[in-house]
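The values are calculated or read from the model by the stated rules, or taken from the named source; none is laboratory data. This is a predicted model, so every value here is computed, not measured. Cβ sites come from the backbone with ideal geometry, for glycine too, and all protein chains shown count toward neighbours. Heavy atoms of the whole protein, side chains included, go into the accessibility calculation; ligands, DNA and RNA do not. Shrake-Rupley method; radii C 1.70, N 1.55, O 1.52, S 1.80 Å.
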Amino acid sequence: MYEGKPNSFIEYLEYGYNNFADKKCFFEKKNDKYIGYTFNDIYNDTKSIANLLIKNKLSNKKIIIIGKNSYNWLMTYLSIVTYVGVVVPIDNSWPLKEIKNVINDIDEADCIICDQEKYQLLIKDIDKKIKIFKLEDILIKSQNLKKEKYKKKKDTDLVEILYTSGTSEKPKAIMLSTKNIFANMDGVAKFAPVTTNDKYLVILPFHHIYTLVILVIYPLYIGISIYLSTPKDLVNDLKIVKPTIFPGVPLIFTRVINEIPEEKKVKIKKGIKISNFLRKFGIDIRKRLFKEFYDFWGGNIFFFTCGAASLDYDIAKLYDDMGIIILQGYGLSEASPIVTMNDYHNYRIDSCGQVLMHQKIKIIDMDASGIGEIAIKGDNVMLGYYKNKDLTKKSYTKDGYFKTGDLGYIDDEERLHVIGRKKKIIVTSNGKNIDATEIENIIKKESIISDAKVYCEKDKIVADIYTNSSNNKIDKIINNLNKDLPKYKRISKYNIKIVDNNNVRIK
(Lines give C-alpha, C1' and ligand atoms only; values in the text may rest on other atoms or scores of the structure.)
Protein backbone atom coordinates (compact mmCIF):
# COMPACT_ATOMS: atom_id res chain seq x y z
CA MET A 1 0.00 0.00 0.00
CA TYR A 2 2.91 2.35 0.70
CA GLU A 3 3.75 4.36 -2.42
CA GLY A 4 6.65 6.56 -1.32
CA LYS A 5 6.88 9.76 0.66
CA PRO A 6 4.32 12.56 0.18
CA ASN A 7 5.39 15.99 -1.02
CA SER A 8 2.95 17.98 1.11
CA PHE A 9 0.75 17.56 4.16
CA ILE A 10 -2.33 17.95 1.93
CA GLU A 11 -1.12 14.99 -0.13
CA TYR A 12 -0.40 13.13 3.13
CA LEU A 13 -3.96 13.62 4.44
CA GLU A 14 -5.59 12.85 1.09
CA TYR A 15 -3.61 9.63 0.71
CA GLY A 16 -4.74 8.44 4.14
CA TYR A 17 -8.34 9.46 3.45
CA ASN A 18 -8.41 7.70 0.07
CA ASN A 19 -6.81 4.47 1.32
CA PHE A 20 -7.90 4.12 4.97
CA ALA A 21 -10.94 6.39 5.34
CA ASP A 22 -13.01 4.03 7.50
CA LYS A 23 -10.19 2.31 9.35
CA LYS A 24 -9.79 3.20 13.02
CA CYS A 25 -6.14 4.10 13.20
CA PHE A 26 -5.64 6.41 16.21
CA PHE A 27 -6.69 5.35 19.69
CA GLU A 28 -6.72 7.21 23.00
CA LYS A 29 -8.34 6.55 26.34
CA LYS A 30 -11.56 8.12 27.52
CA ASN A 31 -12.77 7.00 30.97
CA ASP A 32 -10.13 4.23 30.95
CA LYS A 33 -11.37 2.73 27.66
CA TYR A 34 -9.77 3.05 24.24
CA ILE A 35 -11.79 4.85 21.61
CA GLY A 36 -10.70 4.91 17.99
CA TYR A 37 -10.63 7.61 15.32
CA THR A 38 -10.70 6.85 11.59
CA PHE A 39 -8.64 8.60 8.92
CA ASN A 40 -11.96 10.10 7.85
CA ASP A 41 -12.12 11.72 11.32
CA ILE A 42 -8.51 12.92 11.01
CA TYR A 43 -9.13 14.36 7.53
CA ASN A 44 -12.23 16.30 8.57
CA ASP A 45 -11.16 17.35 12.08
CA THR A 46 -7.89 18.75 10.74
CA LYS A 47 -9.84 20.95 8.32
CA SER A 48 -12.29 22.02 11.06
CA ILE A 49 -9.54 23.25 13.39
CA ALA A 50 -7.84 24.99 10.46
CA ASN A 51 -11.10 26.83 9.73
CA LEU A 52 -11.26 28.02 13.34
CA LEU A 53 -7.67 29.28 13.31
CA ILE A 54 -7.96 30.97 9.91
CA LYS A 55 -11.21 32.62 11.00
CA ASN A 56 -9.24 34.06 13.94
CA LYS A 57 -6.79 35.66 11.47
CA LEU A 58 -3.95 33.23 12.19
CA SER A 59 -2.98 32.44 8.60
CA ASN A 60 0.83 32.42 8.21
CA LYS A 61 1.23 33.05 11.96
CA LYS A 62 3.35 31.19 14.50
CA ILE A 63 1.18 29.10 16.83
CA ILE A 64 2.45 27.46 20.03
CA ILE A 65 1.10 24.07 21.22
CA ILE A 66 1.61 22.87 24.80
CA GLY A 67 -0.04 19.76 26.15
CA LYS A 68 0.01 16.04 26.82
CA ASN A 69 -0.29 13.54 23.98
CA SER A 70 -3.84 13.47 22.65
CA TYR A 71 -5.95 13.27 19.51
CA ASN A 72 -6.69 17.00 19.82
CA TRP A 73 -2.96 17.78 20.06
CA LEU A 74 -2.23 15.84 16.86
CA MET A 75 -5.21 17.34 14.97
CA THR A 76 -4.10 20.83 15.99
CA TYR A 77 -0.55 20.16 14.81
CA LEU A 78 -1.72 18.77 11.46
CA SER A 79 -4.14 21.63 10.90
CA ILE A 80 -1.40 24.23 11.42
CA VAL A 81 1.29 22.63 9.24
CA THR A 82 -1.18 21.69 6.49
CA TYR A 83 -3.37 24.76 6.15
CA VAL A 84 -2.55 27.57 8.58
CA GLY A 85 0.99 28.63 9.47
CA VAL A 86 3.98 27.61 11.59
CA VAL A 87 3.65 25.30 14.59
CA VAL A 88 5.83 25.64 17.70
CA PRO A 89 5.48 22.53 19.92
CA ILE A 90 6.73 23.05 23.49
CA ASP A 91 7.66 20.40 26.05
CA ASN A 92 4.69 20.06 28.38
CA SER A 93 7.03 19.41 31.34
CA TRP A 94 8.72 22.80 31.12
CA PRO A 95 8.07 25.24 33.98
CA LEU A 96 6.40 28.58 33.27
CA LYS A 97 9.70 30.47 33.08
CA GLU A 98 10.99 28.31 30.20
CA ILE A 99 7.70 28.58 28.34
CA LYS A 100 7.77 32.36 28.69
CA ASN A 101 11.33 32.44 27.31
CA VAL A 102 10.04 30.75 24.15
CA ILE A 103 7.01 33.03 23.92
CA ASN A 104 9.31 36.04 24.20
CA ASP A 105 11.72 34.61 21.64
CA ILE A 106 8.92 34.14 19.13
CA ASP A 107 7.96 37.78 19.07
CA GLU A 108 5.64 37.11 16.14
CA ALA A 109 3.63 34.43 18.01
CA ASP A 110 -0.06 35.25 17.82
CA CYS A 111 -1.63 32.21 19.43
CA ILE A 112 -1.10 29.58 22.15
CA ILE A 113 -3.09 26.34 22.22
CA CYS A 114 -2.63 24.49 25.52
CA ASP A 115 -4.33 22.21 28.01
CA GLN A 116 -6.43 23.40 30.94
CA GLU A 117 -3.55 23.33 33.42
CA LYS A 118 -1.25 25.54 31.34
CA TYR A 119 -4.18 27.75 30.32
CA GLN A 120 -4.77 28.76 33.95
CA LEU A 121 -1.08 29.68 34.35
CA LEU A 122 -0.70 31.54 31.07
CA ILE A 123 -3.99 33.46 30.88
CA LYS A 124 -2.89 35.69 33.77
CA ASP A 125 0.61 36.23 32.52
CA ILE A 126 0.82 36.67 28.75
CA ASP A 127 0.31 39.57 26.38
CA LYS A 128 -3.43 40.12 25.88
CA LYS A 129 -2.83 40.37 22.12
CA ILE A 130 -1.93 36.67 22.01
CA LYS A 131 -4.99 34.50 21.37
CA ILE A 132 -5.24 31.44 23.60
CA PHE A 133 -7.32 28.29 23.14
CA LYS A 134 -7.76 25.18 25.27
CA LEU A 135 -6.76 21.89 23.65
CA GLU A 136 -9.63 20.13 25.42
CA ASP A 137 -12.34 22.11 23.60
CA ILE A 138 -10.69 23.22 20.35
CA LEU A 139 -12.54 20.59 18.31
CA ILE A 140 -15.87 21.59 19.82
CA LYS A 141 -15.24 25.24 19.00
CA SER A 142 -14.30 24.34 15.43
CA GLN A 143 -17.45 22.42 14.51
CA ASN A 144 -19.87 23.68 11.82
CA LEU A 145 -17.73 26.63 10.82
CA LYS A 146 -17.78 28.00 7.29
CA LYS A 147 -14.94 26.66 5.15
CA GLU A 148 -12.10 29.16 5.00
CA LYS A 149 -9.63 29.79 2.19
CA TYR A 150 -6.03 28.77 2.69
CA LYS A 151 -2.85 29.28 0.73
CA LYS A 152 -1.17 26.13 -0.59
CA LYS A 153 2.32 25.74 0.90
CA LYS A 154 5.55 24.92 -0.90
CA ASP A 155 7.47 21.93 0.41
CA THR A 156 10.36 24.26 1.31
CA ASP A 157 8.20 26.63 3.38
CA LEU A 158 8.81 26.85 7.12
CA VAL A 159 6.13 24.82 8.95
CA GLU A 160 7.69 24.07 12.36
CA ILE A 161 10.01 25.70 14.87
CA LEU A 162 11.39 23.19 17.33
CA TYR A 163 12.94 24.39 20.60
CA THR A 164 15.57 22.11 22.09
CA SER A 165 15.59 24.12 25.33
CA GLY A 166 13.93 27.17 26.81
CA THR A 167 16.26 27.66 29.77
CA SER A 168 18.54 30.29 28.31
CA GLU A 169 17.51 33.84 27.48
CA LYS A 170 18.17 33.05 23.82
CA PRO A 171 17.00 29.43 23.42
CA LYS A 172 18.10 27.46 20.35
CA ALA A 173 15.31 26.80 17.87
CA ILE A 174 15.33 24.62 14.76
CA MET A 175 13.37 25.55 11.62
CA LEU A 176 11.85 22.66 9.65
CA SER A 177 10.03 22.49 6.32
CA THR A 178 7.56 19.93 4.96
CA LYS A 179 10.37 18.56 2.81
CA ASN A 180 12.52 18.06 5.93
CA ILE A 181 9.75 16.26 7.81
CA PHE A 182 8.86 13.81 5.03
CA ALA A 183 12.45 13.08 3.96
CA ASN A 184 12.88 10.12 6.34
CA MET A 185 9.86 8.12 5.17
CA ASP A 186 11.36 6.08 2.33
CA GLY A 187 14.44 5.22 4.37
CA VAL A 188 12.50 4.07 7.41
CA ALA A 189 10.17 2.01 5.18
CA LYS A 190 13.18 0.21 3.69
CA PHE A 191 14.78 -0.70 7.04
CA ALA A 192 11.70 -1.41 9.21
CA PRO A 193 9.23 -3.86 7.60
CA VAL A 194 5.72 -2.99 8.76
CA THR A 195 2.18 -3.59 7.46
CA THR A 196 -1.30 -2.16 7.95
CA ASN A 197 -1.90 -4.91 10.53
CA ASP A 198 0.77 -3.57 12.89
CA LYS A 199 0.02 -1.74 16.15
CA TYR A 200 2.23 0.89 17.78
CA LEU A 201 1.89 1.63 21.50
CA VAL A 202 3.25 5.17 22.01
CA ILE A 203 4.20 6.75 25.34
CA LEU A 204 6.90 9.18 24.14
CA PRO A 205 5.85 12.87 23.97
CA PHE A 206 4.55 14.34 20.70
CA HIS A 207 6.57 17.55 20.99
CA HIS A 208 9.69 15.49 20.25
CA ILE A 209 10.33 15.27 16.49
CA TYR A 210 11.29 11.57 16.72
CA THR A 211 7.92 10.67 18.24
CA LEU A 212 5.91 12.87 15.93
CA VAL A 213 7.50 11.97 12.60
CA ILE A 214 8.65 8.37 13.03
CA LEU A 215 6.06 7.06 15.50
CA VAL A 216 2.92 8.94 14.45
CA ILE A 217 3.02 10.72 11.07
CA TYR A 218 4.86 7.94 9.23
CA PRO A 219 2.87 4.94 10.57
CA LEU A 220 -0.50 6.67 10.08
CA TYR A 221 0.41 7.34 6.46
CA ILE A 222 0.91 3.64 5.77
CA GLY A 223 -2.17 2.54 7.71
CA ILE A 224 -0.65 1.36 11.01
CA SER A 225 -2.75 1.74 14.17
CA ILE A 226 -1.44 4.07 16.90
CA TYR A 227 -2.43 3.58 20.55
CA LEU A 228 -1.56 6.20 23.17
CA SER A 229 -0.38 5.22 26.63
CA THR A 230 1.46 6.76 29.59
CA PRO A 231 4.33 5.46 31.74
CA LYS A 232 1.85 4.92 34.57
CA ASP A 233 -0.51 2.81 32.42
CA LEU A 234 2.11 1.08 30.28
CA VAL A 235 2.13 -2.37 31.88
CA ASN A 236 -1.66 -2.65 31.76
CA ASP A 237 -1.95 -1.17 28.25
CA LEU A 238 0.58 -3.67 26.88
CA LYS A 239 -1.83 -6.44 27.88
CA ILE A 240 -4.83 -4.63 26.37
CA VAL A 241 -3.31 -3.47 23.08
CA LYS A 242 -0.87 -6.34 22.46
CA PRO A 243 1.32 -4.14 20.23
CA THR A 244 3.47 -5.54 17.46
CA ILE A 245 5.90 -2.61 17.67
CA PHE A 246 6.88 -0.70 20.78
CA PRO A 247 9.02 2.44 20.45
CA GLY A 248 10.95 3.32 23.59
CA VAL A 249 14.04 4.90 25.08
CA PRO A 250 16.93 3.17 26.91
CA LEU A 251 15.44 3.93 30.34
CA ILE A 252 12.36 1.78 29.62
CA PHE A 253 14.20 -1.24 28.22
CA THR A 254 16.83 -1.11 30.97
CA ARG A 255 14.29 -0.72 33.78
CA VAL A 256 12.33 -3.80 32.64
CA ILE A 257 15.50 -5.91 32.85
CA ASN A 258 16.58 -4.41 36.18
CA GLU A 259 13.22 -5.24 37.75
CA ILE A 260 13.43 -8.94 36.92
CA PRO A 261 14.10 -10.87 40.18
CA GLU A 262 17.58 -12.38 40.44
CA GLU A 263 16.33 -15.98 40.51
CA LYS A 264 14.52 -15.39 37.19
CA LYS A 265 17.63 -13.78 35.67
CA VAL A 266 19.56 -16.96 36.49
CA LYS A 267 16.91 -19.01 34.62
CA ILE A 268 17.01 -16.60 31.69
CA LYS A 269 20.79 -16.94 31.40
CA LYS A 270 20.50 -20.74 31.42
CA GLY A 271 17.74 -20.52 28.82
CA ILE A 272 19.92 -18.32 26.59
CA LYS A 273 22.76 -20.89 26.69
CA ILE A 274 20.34 -23.65 25.62
CA SER A 275 18.76 -21.42 22.96
CA ASN A 276 22.08 -20.29 21.48
CA PHE A 277 23.20 -23.91 21.20
CA LEU A 278 20.00 -25.00 19.44
CA ARG A 279 20.08 -22.03 17.06
CA LYS A 280 23.38 -23.31 15.67
CA PHE A 281 21.30 -26.19 14.25
CA GLY A 282 18.50 -23.93 12.98
CA ILE A 283 16.21 -24.61 15.96
CA ASP A 284 14.67 -21.47 17.46
CA ILE A 285 12.53 -21.99 20.57
CA ARG A 286 12.99 -18.53 22.07
CA LYS A 287 9.31 -17.54 22.01
CA ARG A 288 8.45 -20.68 23.95
CA LEU A 289 11.50 -20.57 26.20
CA PHE A 290 10.99 -16.91 27.18
CA LYS A 291 7.19 -16.85 26.98
CA GLU A 292 6.80 -14.95 30.25
CA PHE A 293 8.98 -12.13 28.89
CA TYR A 294 7.04 -12.03 25.61
CA ASP A 295 3.76 -12.01 27.52
CA PHE A 296 4.89 -9.01 29.59
CA TRP A 297 5.13 -7.05 26.32
CA GLY A 298 1.69 -8.24 25.22
CA GLY A 299 2.71 -11.43 23.44
CA ASN A 300 2.74 -10.07 19.85
CA ILE A 301 5.94 -7.99 19.70
CA PHE A 302 7.59 -8.02 16.26
CA PHE A 303 10.39 -5.60 17.16
CA PHE A 304 11.24 -2.63 19.37
CA THR A 305 12.69 0.68 18.26
CA CYS A 306 14.96 2.68 20.53
CA GLY A 307 15.80 6.34 20.06
CA ALA A 308 16.94 9.53 21.80
CA ALA A 309 20.02 7.97 23.46
CA SER A 310 22.37 4.99 23.16
CA LEU A 311 21.19 1.70 24.61
CA ASP A 312 23.73 -0.26 26.64
CA TYR A 313 25.17 -3.07 24.51
CA ASP A 314 24.60 -5.76 27.16
CA ILE A 315 20.91 -4.81 27.48
CA ALA A 316 20.41 -4.86 23.69
CA LYS A 317 22.22 -8.22 23.49
CA LEU A 318 20.00 -9.69 26.23
CA TYR A 319 16.82 -8.74 24.34
CA ASP A 320 18.31 -10.13 21.13
CA ASP A 321 19.24 -13.40 22.85
CA MET A 322 15.63 -13.73 23.98
CA GLY A 323 14.44 -13.20 20.41
CA ILE A 324 13.32 -9.57 20.33
CA ILE A 325 15.20 -7.18 18.07
CA ILE A 326 15.69 -3.60 19.23
CA LEU A 327 16.23 -1.45 16.14
CA GLN A 328 18.53 1.42 17.04
CA GLY A 329 19.56 4.36 14.95
CA TYR A 330 21.16 7.76 15.13
CA GLY A 331 19.55 11.12 14.66
CA LEU A 332 19.02 14.62 15.96
CA SER A 333 16.32 17.27 15.77
CA GLU A 334 18.24 19.20 13.11
CA ALA A 335 17.93 16.11 10.87
CA SER A 336 14.14 15.75 11.26
CA PRO A 337 15.30 13.40 12.97
CA ILE A 338 16.79 10.13 11.61
CA VAL A 339 20.23 9.92 9.96
CA THR A 340 21.12 6.23 10.24
CA MET A 341 19.14 3.16 11.20
CA ASN A 342 19.70 -0.57 11.55
CA ASP A 343 18.02 -2.74 8.93
CA TYR A 344 15.68 -5.32 10.52
CA HIS A 345 17.01 -8.00 8.15
CA ASN A 346 20.69 -7.05 8.52
CA TYR A 347 21.23 -5.32 11.85
CA ARG A 348 24.18 -5.05 14.20
CA ILE A 349 23.76 -4.44 17.92
CA ASP A 350 27.03 -2.55 18.20
CA SER A 351 26.29 0.08 15.54
CA CYS A 352 23.76 2.80 14.74
CA GLY A 353 23.12 1.31 11.31
CA GLN A 354 23.48 2.68 7.81
CA VAL A 355 22.56 6.05 6.37
CA LEU A 356 18.97 6.46 5.17
CA MET A 357 17.96 7.24 1.59
CA HIS A 358 18.18 10.86 0.41
CA GLN A 359 21.09 11.57 2.76
CA LYS A 360 24.87 11.63 2.78
CA ILE A 361 27.14 11.25 5.78
CA LYS A 362 30.87 11.75 6.28
CA ILE A 363 33.39 12.09 9.09
CA ILE A 364 35.29 15.39 9.21
CA ASP A 365 38.42 16.42 11.15
CA MET A 366 39.28 12.74 11.47
CA ASP A 367 42.03 11.58 13.81
CA ALA A 368 44.49 8.75 13.16
CA SER A 369 42.00 6.12 14.36
CA GLY A 370 39.28 7.32 11.95
CA ILE A 371 37.19 9.07 14.61
CA GLY A 372 35.94 12.57 13.87
CA GLU A 373 32.85 14.76 13.80
CA ILE A 374 29.77 13.33 12.07
CA ALA A 375 28.56 15.60 9.25
CA ILE A 376 25.37 15.11 7.21
CA LYS A 377 23.69 16.43 4.09
CA GLY A 378 20.21 15.75 2.73
CA ASP A 379 16.58 16.80 2.33
CA ASN A 380 16.02 16.08 6.02
CA VAL A 381 18.51 18.70 7.27
CA MET A 382 16.86 21.78 8.80
CA LEU A 383 16.37 25.17 7.15
CA GLY A 384 18.50 26.73 9.91
CA TYR A 385 18.31 28.09 13.45
CA TYR A 386 15.51 30.57 14.05
CA LYS A 387 16.73 34.18 14.35
CA ASN A 388 20.35 33.01 14.53
CA LYS A 389 22.12 33.34 11.18
CA ASP A 390 25.58 33.29 12.77
CA LEU A 391 25.00 29.94 14.49
CA THR A 392 23.46 28.55 11.30
CA LYS A 393 26.48 29.58 9.25
CA LYS A 394 28.93 28.11 11.77
CA SER A 395 27.02 24.82 11.75
CA TYR A 396 27.84 23.94 8.13
CA THR A 397 31.02 22.98 6.29
CA LYS A 398 32.03 24.87 3.16
CA ASP A 399 30.57 22.07 1.00
CA GLY A 400 27.19 22.22 2.77
CA TYR A 401 27.35 19.41 5.34
CA PHE A 402 25.72 20.04 8.72
CA LYS A 403 28.15 19.53 11.59
CA THR A 404 26.31 17.48 14.21
CA GLY A 405 28.72 18.00 17.10
CA ASP A 406 28.79 14.21 17.60
CA LEU A 407 31.95 12.13 17.31
CA GLY A 408 32.03 8.79 15.55
CA TYR A 409 33.41 6.61 12.78
CA ILE A 410 32.13 4.60 9.81
CA ASP A 411 33.21 0.95 9.56
CA ASP A 412 33.98 -1.19 6.50
CA GLU A 413 30.28 -2.08 6.12
CA GLU A 414 29.31 1.60 5.95
CA ARG A 415 27.77 1.43 9.45
CA LEU A 416 27.96 4.38 11.78
CA HIS A 417 29.35 4.11 15.32
CA VAL A 418 28.78 7.09 17.63
CA ILE A 419 31.43 7.71 20.30
CA GLY A 420 30.25 10.85 22.10
CA ARG A 421 29.86 14.62 21.87
CA LYS A 422 32.32 17.38 21.08
CA LYS A 423 30.39 19.68 23.41
CA LYS A 424 29.39 18.86 26.97
CA ILE A 425 26.01 17.33 26.25
CA ILE A 426 24.56 14.94 28.83
CA VAL A 427 22.14 12.37 27.38
CA THR A 428 20.08 10.71 30.12
CA SER A 429 18.73 7.17 29.79
CA ASN A 430 15.23 8.50 29.04
CA GLY A 431 16.61 10.37 26.04
CA LYS A 432 16.76 13.91 27.40
CA ASN A 433 19.60 16.07 26.06
CA ILE A 434 21.05 18.41 28.66
CA ASP A 435 23.62 21.05 27.80
CA ALA A 436 25.92 20.94 30.83
CA THR A 437 27.56 24.23 29.80
CA GLU A 438 24.20 25.99 29.82
CA ILE A 439 23.48 24.98 33.43
CA GLU A 440 27.05 25.78 34.45
CA ASN A 441 26.68 29.30 33.04
CA ILE A 442 23.44 29.85 34.97
CA ILE A 443 25.12 28.75 38.22
CA LYS A 444 28.15 30.97 37.57
CA LYS A 445 25.94 34.05 37.30
CA GLU A 446 25.91 34.03 41.11
CA SER A 447 28.69 36.29 42.34
CA ILE A 448 29.68 33.98 45.18
CA ILE A 449 30.39 31.09 42.76
CA SER A 450 33.68 31.23 40.87
CA ASP A 451 33.19 28.10 38.77
CA ALA A 452 30.90 25.10 38.29
CA LYS A 453 31.17 21.73 36.59
CA VAL A 454 27.98 19.83 35.76
CA TYR A 455 27.96 16.13 34.89
CA CYS A 456 25.90 12.94 35.10
CA GLU A 457 26.30 10.35 37.85
CA LYS A 458 24.02 7.28 37.91
CA ASP A 459 21.57 9.15 35.65
CA LYS A 460 21.38 12.10 38.08
CA ILE A 461 22.62 15.63 37.42
CA VAL A 462 25.50 16.54 39.75
CA ALA A 463 27.34 19.87 40.12
CA ASP A 464 30.79 20.59 41.52
CA ILE A 465 30.60 24.17 42.80
CA TYR A 466 33.71 26.24 43.47
CA THR A 467 33.10 28.89 46.13
CA ASN A 468 34.29 30.32 49.42
CA SER A 469 30.76 30.68 50.78
CA SER A 470 28.78 28.52 53.18
CA ASN A 471 26.66 25.52 52.27
CA ASN A 472 23.50 27.34 53.35
CA LYS A 473 23.94 30.01 50.68
CA ILE A 474 24.65 27.41 48.01
CA ASP A 475 21.61 25.41 49.13
CA LYS A 476 19.40 28.43 48.51
CA ILE A 477 20.96 29.08 45.07
CA ILE A 478 20.50 25.47 43.93
CA ASN A 479 16.92 25.28 45.25
CA ASN A 480 15.98 28.49 43.42
CA LEU A 481 17.68 27.27 40.25
CA ASN A 482 15.83 23.94 40.36
CA LYS A 483 12.48 25.72 40.61
CA ASP A 484 13.08 27.19 37.16
CA LEU A 485 14.34 23.98 35.58
CA PRO A 486 12.30 21.03 34.28
CA LYS A 487 12.67 17.91 36.42
CA TYR A 488 15.12 16.18 34.10
CA LYS A 489 17.57 19.12 34.32
CA ARG A 490 17.41 19.64 38.07
CA ILE A 491 20.56 19.22 40.12
CA SER A 492 20.12 16.21 42.41
CA LYS A 493 23.38 16.66 44.28
CA TYR A 494 26.19 19.19 44.55
CA ASN A 495 29.73 19.08 45.90
CA ILE A 496 31.35 22.15 47.43
CA LYS A 497 34.90 22.80 46.19
CA ILE A 498 36.56 25.46 48.35
CA VAL A 499 38.45 28.35 46.73
CA ASP A 500 40.30 31.22 48.44
CA ASN A 501 39.66 34.92 47.90
CA ASN A 502 41.78 34.83 44.73
CA ASN A 503 39.62 32.00 43.36
CA VAL A 504 42.43 29.51 43.78
CA ARG A 505 41.07 26.04 44.44
CA ILE A 506 42.04 24.75 47.87
CA LYS A 507 40.28 21.38 47.79
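Filtering the stretch 221-233 to residues that are out of contact with any helix residue (DSSP H, G or I) (no Cβ under 7 Å at 6 or more places or on another chain), of a type outside the set (D, E, K, R) and farther than 11 Å from Asp198 by Cβ leaves Leu228, Thr230, Pro231. Among the conditions (1) touching a helix residue (DSSP H, G or I) at 6+ places or on another chain (Cβ under 7 Å); (2) not in a loop (DSSP other than H, G, I, E, B), the only one that Asn236 does not satisfy is (1). For Lys393, the conditions (1) within 27 Å of Leu176 (Cβ to Cβ); (2) surrounded by 15 or more Cβ atoms within 10 Å (Cβ to Cβ) all hold with the exception of (2). Listed by first and then second residue, the pairs with beta-carbon distance under 7 Å, at least 6 apart or on different chains, first residue in the stretch 475-493 and farther than 21 Å from Ser447 by Cα and aromatic (Phe, Trp, Tyr), second part of a loop (DSSP other than H, G, I, E, B) and open to solvent by 20 Å² or more (accessible area, probe 1.4 Å), are Tyr488/Lys432.
Of the residues examined, Ile268 is one that is farther than 29 Å from Leu212 by Cα, open to solvent by less than 90 Å² (accessible area, probe 1.4 Å) and either assigned to a loop (DSSP other than H, G, I, E, B) or touching a helix residue (DSSP H, G or I) at 6+ places or on another chain (Cβ under 9 Å) (or both).
Of the residues Asp343, Asp350, the single one that is in contact (Cβ under 8 Å) with a residue 60 or more places away in the chain, touching a helix residue (DSSP H, G or I) at 6+ places or on another chain (Cβ under 7 Å) and open to solvent by 60 Å² or more (accessible area, probe 1.4 Å) is Asp350. The condition of being open to solvent by less than 20 Å² (accessible area, probe 1.4 Å), among the aromatic types (Phe, Trp, Tyr), farther than 30 Å from Gln354 by Cα and touching a helix residue (DSSP H, G or I) at 6+ places or on another chain (Cβ under 6 Å) holds for only one of Tyr71, Tyr77, Tyr83, Tyr163, that being Tyr83.
For the stretch 66-103, the set of residues classified as closer than 29 Å to Ser225 by Cα and in a loop (DSSP other than H, G, I, E, B) consists of Gly67, Lys68, Asn69, Ser70, Gly85, Asp91, Asn92, Ser93, listed by residue number.
Of all positions in the stretch 446-457, at least one carries a residue that is open to solvent by 20 Å² or more (accessible area, probe 1.4 Å), aromatic (Phe, Trp, Tyr) and over 21 Å from Glu98 (Cα atoms).
Just one of the listed residues (Ile49, Ile63, Ile54, Ile42) is assigned to a strand (DSSP E or B) and under 29 Å from Gln120 (Cα atoms), namely Ile63. When you scan the stretch 308-324, how many residues do you find that are more than 14 Å from Lys269 (Cβ to Cβ) and open to solvent by 40 Å² or more (accessible area, probe 1.4 Å)? Qualifying residue count for the region: 4.
No other residue among Lys129, Lys152, Lys147, Lys124 is over 20 Å from Met75 (Cα atoms), open to solvent by 100 Å² or more (accessible area, probe 1.4 Å) and either β-branched (Val, Ile, Thr) or in contact (Cβ under 8 Å) with a residue 12 or more places away in the chain (or both) apart from Lys129.
Go through the residues of the stretch 23-36 one by one and say whether even a single one is in contact with a helix residue (DSSP H, G or I) (Cβ under 8 Å, 6 or more places away or on another chain), touching a residue at least 60 places away in the same chain (Cβ under 8 Å), within 29 Å of Leu96 (Cα to Cα) and open to solvent by less than 20 Å² (accessible area, probe 1.4 Å). Checked against the condition, which is being in contact with a helix residue (DSSP H, G or I) (Cβ under 8 Å, 6 or more places away or on another chain), touching a residue at least 60 places away in the same chain (Cβ under 8 Å), within 29 Å of Leu96 (Cα to Cα) and open to solvent by less than 20 Å² (accessible area, probe 1.4 Å), the stretch 23-36 yields at least one hit.
Just one of Asn18, Asn44, Asn101, Asn92 is over 19 Å from Lys147 (Cβ atoms) and open to solvent by 40 Å² or more (accessible area, probe 1.4 Å); which is it?
Details: Asn44 fails: over 19 Å from Lys147 (Cβ atoms); Asn101 fails: open to solvent by 40 Å² or more (accessible area, probe 1.4 Å); Asn92 fails: open to solvent by 40 Å² or more (accessible area, probe 1.4 Å).
Residue meeting the stated conditions: Asn18.
Tell me, yes or no, whether the stretch 403-411 has at least one residue that is farther than 26 Å from Ala316 by Cα and open to solvent by less than 70 Å² (accessible area, probe 1.4 Å).
Initial filter on the stretch 403-411 (farther than 26 Å from Ala316 by Cα): 403.
Going one step further and asking which of them are open to solvent by less than 70 Å² (accessible area, probe 1.4 Å), we end up with 403.
Looking for residues that are farther than 26 Å from Ala316 by Cα and open to solvent by less than 70 Å² (accessible area, probe 1.4 Å), one finds at least one in the stretch 403-411, hence yes.
If I filter the stretch 476-485 for residues that are open to solvent by less than 70 Å² (accessible area, probe 1.4 Å), among the charged types (D, E, K, R) and part of a helix (DSSP H, G or I), do I get at least one hit?
We begin by selecting, within the stretch 476-485, every residue open to solvent by less than 70 Å² (accessible area, probe 1.4 Å); these are 477-478, 481-482, 484-485.
Subsequent filtering for residues that are among the charged types (D, E, K, R) retains 484.
Then keep just the ones that are part of a helix (DSSP H, G or I); that gives none.
No.
Summed over the stretch 271-306, the residues that are in contact with a strand residue (DSSP E or B) (Cβ under 8 Å, 6 or more places away or on another chain) and outside any loop (DSSP other than H, G, I, E, B) give a count of 4.
Filtered by the rule that a residue be assigned to a loop (DSSP other than H, G, I, E, B) and either open to solvent by 60 Å² or more (accessible area, probe 1.4 Å) or in contact with a helix residue (DSSP H, G or I) (Cβ under 6 Å, 6 or more places away or on another chain) (or both), the stretch 104-121 gives Asp107, Glu108, Asp115.
Go through the stretch 48-61 residue by residue and tally those that are open to solvent by 60 Å² or more (accessible area, probe 1.4 Å) and on the phi < 0 side of the Ramachandran plot. Can you show your working first?
First pass over the stretch 48-61, keeping only residues open to solvent by 60 Å² or more (accessible area, probe 1.4 Å): 55, 57, 60-61.
Applying the additional criterion that residues be on the phi < 0 side of the Ramachandran plot yields 55, 61.
Of the residues in that region, 2 qualify.
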